[in-house]
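This report concerns only the one structure given below.
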Amino acid sequence: MTNLDLHASLVRGRQAVEAYIVECRDQLGEYTWDEENATDRLIHAVYPAARYIPFKRNQEGGTPTSSGTGADWLWWWLSPTGECFGMLVQAKNLKRIGKRWAVDLEYAKRKQIIDLLNASDLLEVPAVYALYCGDPAYRPDLTCGEGHTSDTLDRCHRSGVCALPALIASQLATFSALDPPGQAAIEAYQNAIPLEDLADTSLGTPVVHDLNLRHIDGKLLEFLTQPQATARGIAKKIFEMVSRMRSGQFALAVSEHRRVDENAFVFANLPTDRGHFGVPYFDHVLRGLRRQPPDYLVAMAGGDDPPAWLSRLVAGIALFDVV
Ligand SMILES: [Zn+2]
């Protein structure tokens, strides 16, 4: 299987979610759909490039996942070398409320974002929202921003399922307190990336113009400035989104680095700069990039049940083969 297959599979997944949303609209007479069902449609349509391991719900003594809705999933992008990139993914619907847009990422819902970020710390992966944005007919008044065109290659045609790092959502939520209602949802849509673009090798990996670049050398500098493929390519696309937002923040970059376990993490020496994110953003994203799958994945591949601490945090695991 090639990365092309993963990209084609993710396109199929997005189309399946759009088809489900249109079914709901036709049956209910309005755009109302369920996040969990959308996730099921997505992952099933991506099979066999993605495999889906749902955990048993409401295990005794269990507590709800961080969203309390069963919408949190742990995704691992697996390279054939064993290198992999994990993300804690929470599904969110882009909703139309009257004439405005909403995503439940506004200031009043900030506790949910903090809970998700705390769960991602326990899993040592970045937190990312999967935004279900409906089909293009759902959002004729919403565009991807200044670069929007009427062309069929425009991003809006691929945006039925988007990825938005939670650090970006958290910033949008913080500043939305001062904005007109609905602005945070519009910016969430505009700052997100179509899920399928993560695996689209024809797009290349973005150049990262990080504020901390001059304090970086070695393998990390190479990662940020050279093209990347497989799980590293996906990690880099997520990192670039966060780094780009960091560039717009008026906070001094700091040059201290932090060492972590060099056996497990691909990058063990990362800048501790927080910008306005509140956490060191290099570590938040790049801790998800590992030399090999974590022990619990290896044990589960051998037939073990997920450990209780894990099934308390997420509704299941999705594994994506990135070749
Ligand atoms: Zn657009």
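Observations on the model:
- Surface accessible to a 1.4 Å probe, per residue, for the residues of region 252-323, Å²: 46
- Put simply, the convex hull of the Cα atoms in region 3-321 casts, on average, a shadow of 16.5 nm².
- Selected from ILE97, ILE193, ILE238 as most flexible by GNM, with the chain as the system and alpha-carbon contacts under 10 Å: ILE97
- Per-residue extension of 0.36 nm, minus the Cα-Cα distance of ALA264 and TYR107, leaves a gain of 53.0 nm for this segment.
- The string of couplings for region 287-294 from the Karplus curve (6.51, -1.76, 1.60, θ = phi - 60°) is 5, x, 8, 10, 5, 8, x, x Hz, one whole number per residue in order, with x for Gly and Pro.
- Dividing the mean sequence gap of close Cα pairs (under 8 Å, 6+ apart) by how many residues region 3-321 holds gives a relative contact order of 26 percent.
- Shown are ILE186, ILE43, whose ranking by accessible area with a 1.4 Å probe and every protein chain present, most to least, is ILE186, ILE43.
- Label-to-label distance, nm, for residues given as ALA8 and TRP309 (7 Å Cα→Cβ offset): 4.1
- Full extension of the chain between PHE250 and GLN226 yields a length gain of 6.0 nm, computed as 0.36 nm times the residue separation minus the alpha carbon distance.
- Computed from the C-alpha gyration tensor, the three semi-axes of the ellipsoid equivalent to region 156-247 are 26, 18, 8 Å, from longest to shortest.
- 5 angstrom amide H check on GLY316, placed H, neighbours 5+ away: PHE55, LEU74
- Share antiparallel - DSSP beta bridges, region 3-321, percent rounded to 5: 70
- Residues considered: GLU187, GLU23, GLU124. Largest GNM mean-square fluctuation over the chain, using C-alpha springs under 10 Å, is found at GLU23.
- Look at where the Cα atoms of region 13-35 and of region 110-132 average out, and the two centres are 25 Å apart.
- Of the residues ILE53, ILE21, ILE234, the one that moves most in a GNM of the chain with alpha-carbon contacts below 10 Å is ILE53.
- Inter-centroid distance (Cα atoms) of region 180-232 relative to region 260-323, Å: 18
- Axial C-alpha extent at least 18 Å, average Kyte-Doolittle at least -1.0 - helices from the chain (DSSP): 3-28, 110-123, 230-247
- The residues of region 42-184 expose on average 44 square angstrom of accessible surface per residue, using a 1.4 Å probe on protein heavy atoms.
- Size of region 276-319 from its Cα atoms: along the principal axes, largest to smallest, the extents are 42, 24, 15 Å.
- Hull shadow area, averaged, region 211-314 [alpha-carbon convex hull, nm²]: 7.8
- Carbon plus sulfur fraction of accessible area for region 252-310, probe 1.4 Å, in percent: 50
The values are calculated or read from the model by the stated rules, or taken from the named source; none is laboratory data. The shown structure was predicted, so the numbers you read here are calculated from the model rather than taken from an experiment. Here the Cβ is made from the backbone with ideal geometry for all residues, glycine too, and neighbour counts use every protein chain on show. We work out accessible area using only protein heavy atoms, side chains counted, and drop any ligands, DNA or RNA first. Shrake-Rupley method; radii C 1.70, N 1.55, O 1.52, S 1.80 Å.
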